[in-house]
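Just so it is clear, none of the values below were taken in a lab; they were calculated from the coordinates. All values derive from a computational prediction rather than experimental measurement. Note that each Cβ is placed from the backbone with ideal geometry, even for glycine, and that neighbours are counted across all protein chains shown.
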Amino acid sequence: TELNWPFSSPKPKRIRNSIPVAKLASELNNQVDPPVKAVWIEQANPMTSNPNINILARAMNKLDLIVVADLFLTDTVRMADIVLPAASMFEYYDLITGYGHSYIQLQQKLIEPPGECKHESEIYRLLGKKFGFNLDYLPENNLSTIEKIISSSNLNTDFDELKEKPYLHPSYQEIAFGDLKFNTPTQKIEFFSQRMRDRWGEDPLPAYNEPVENKYSSPSIYNKYPLSLISSHTYNKMNSQFSDITILKEEPFIWINPEDAEN
């Protein structure tokens, strides 16, 4: 479900490069035009949820500046030079469109943020003014932003109605992709992804990569430890979120083939 963003900067934004999040560890070192000197991290904890965290930690330690906006003392926050206290989801208004469903929901503010905690958008506004940017094209606060997004998105609902119930977008299909039209440029299942090649310069075809320690690169280790561990998503977590909630913690377990277990 897509919403319209009705605000345009007087000067078009310039993006020198974009990288896949999963490749952050290697790309922090590989980016040379221009090189990465500083990072701003928000609503993410890459030092826990990203792959290759040892490589990532070494790359992060080479940076001149690390700024993290968060409300928890995460592994990523511990590496920051500057920590900005973010607001929790109970302390600001937001529009929520979810993965895998067609509902639009209004996240309602329940309490005021404590101390100097602020929503990221408010941090942007304050920082933009310090840098002397023209922010006249943006609303003054989140609430005004949400109201303008709703009114410009051609939705058969309004702010007051969203306070009472979520809105089901007309694009909803009881059976996902029941019309066999997919969200790709060709509207077909694409095994060759031109978009992946154009955006990131990646191989547009699916490929299998051997684990770092495999029978070719590390035969002695592979002979001693022939099994590879794959960590999947757990039912009660979203990446690193909710790890601190005791009632959701499970006993560690693995899925293993009975024949491998016997060995």
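Over the Cα atoms of the range 21-168, what radius of gyration and what Dmax do you get, in Å?
In order Rg, Dmax, the Cα atoms of the range 21-168 give 18.3, 50 Å.
Full extension from Lys129 to Tyr225: what is 0.36 nm times the residue separation minus their Cα-Cα distance, to one decimal in nm?
29.0 nm
Too long at a 32 Å Cα-Cα cut-off: which of Lys148/Lys181; Lys37/Lys118; Lys37/Lys109; Lys148/Lys188; Lys11/Lys37; Lys118/Lys188?
Among Lys148/Lys181; Lys37/Lys118; Lys37/Lys109; Lys148/Lys188; Lys11/Lys37; Lys118/Lys188, the Cα-Cα distance tops 32 Å for Lys37/Lys109; Lys148/Lys188; Lys118/Lys188.
Please build a GNM for the chain, connecting alpha carbons under 10 Å apart, and tell me which residue among Ser240, Ser26, Ser232 fluctuates the most.
Checking each option, the largest mean-square fluctuation is seen for Ser232.
Go ahead and set up a Gaussian network model of the chain, Cα springs under 10 Å, then flag whichever of Ser243, Ser228, Ser88 fluctuates most.
Answer for the Gaussian network model of the chain: Ser228.
Give me the angle, in degrees from 0 to 90, between the Cα long axis of helix 142-152 and the longest principal axis of the Cα atoms of the chain, rounded to the nearest 10.
80 degrees
Measure nothing fancy, just the Cα-based angle from helix 120-130's long axis to the longest principal axis of the chain, in degrees from 0 to 90, nearest 10.
In the chain, helix 120-130 runs at an angle near 70 degrees to the longest axis.
Among Thr97, Leu110, Pro139, pick out the residue whose Cα is farthest towards the positive end of the charge dipole of the range 82-139, where Lys and Arg carry +1 and Asp and Glu carry -1 on C-beta, about the Cα centre.
My answer, from the dipole projection, is Pro139.
Can you give me the orientation-averaged projected area of the convex hull built on the Cα atoms of the chain, in nm²?
Average of the hull's projected areas for the chain equals 20.1 nm².
Considering Cα pairs under 8 angstrom that are at least six residues apart, work out the relative contact order of the range 21-168 and quote it in whole percent.
It comes to 17 percent, rounded to a whole number.
Run down the aspartates and glutamates and flag those whose C-alpha is under 16 Å from the C-alpha of Lys129, throwing out any fewer than 8 positions away in its chain.
The qualifying aspartates and glutamates are Glu120, Glu140.
Where the centroid of each part is defined by its Cα atoms, how far is the range 1-59 from the range 211-251 in Å?
24 Å
Straight-line reach only, C-alpha to C-alpha below 20 angstrom: list the aspartates and glutamates that Lys237 could link to, leaving out same-chain residues fewer than 8 apart.
Correct list for Lys237: Glu42, Asp70, Asp75, Glu250, Glu251.
Counting pairs of alpha carbon atoms under 8 Å apart in space and at least six apart in sequence, what relative contact order in percent does the range 145-263 give?
In percent, rounded to a whole number, it is 8.
State whether the range 37-82 is rounded, prolate or oblate according to the following rule on the C-alpha gyration tensor (a ≥ b ≥ c being the square roots of its eigenvalues): a/c under 1.5 gives rounded; otherwise a/b larger than b/c gives prolate, and the remaining case gives oblate.
oblate
Suppose we take every Cα in the range 134-209 and form the convex hull; what volume per residue is that in Å³?
Dividing the Cα hull volume of the range 134-209 by its residues yields 218 Å³.
First check a/c for the range 2-54, with a ≥ b ≥ c the square roots of the eigenvalues of its C-alpha gyration tensor; if it is under 1.5, answer rounded, and if not, answer prolate when a/b is larger than b/c or oblate otherwise.
Oblate, because a/c is 1.5 or more while a/b does not exceed b/c.
What percent does the relative contact order of the range 63-115 come to when contacts are Cα pairs within less than 8 Å and at least six residues apart?
Once divided by the residue count of the range 63-115, the mean separation gives 28 percent.
Going by how many other Cβ atoms sit within 10 Å of their own, how do Trp255, Trp5, Trp200 line up, fewest first?
Ordered by Cβ neighbours within 10 Å, fewest first: Trp255, Trp5, Trp200.
Could you give the radius of gyration (one decimal) and Dmax (whole number) of the Cα atoms in the range 197-263, in Å?
Rg and Dmax of the range 197-263, Cα atoms, are 17.6, 47 Å.
Only counting other Cβ atoms within 10 Å, I'd like Thr186, Thr97, Thr246 sorted with the fewest neighbours first.
In order of increasing Cβ crowding within 10 Å: Thr246, Thr186, Thr97.
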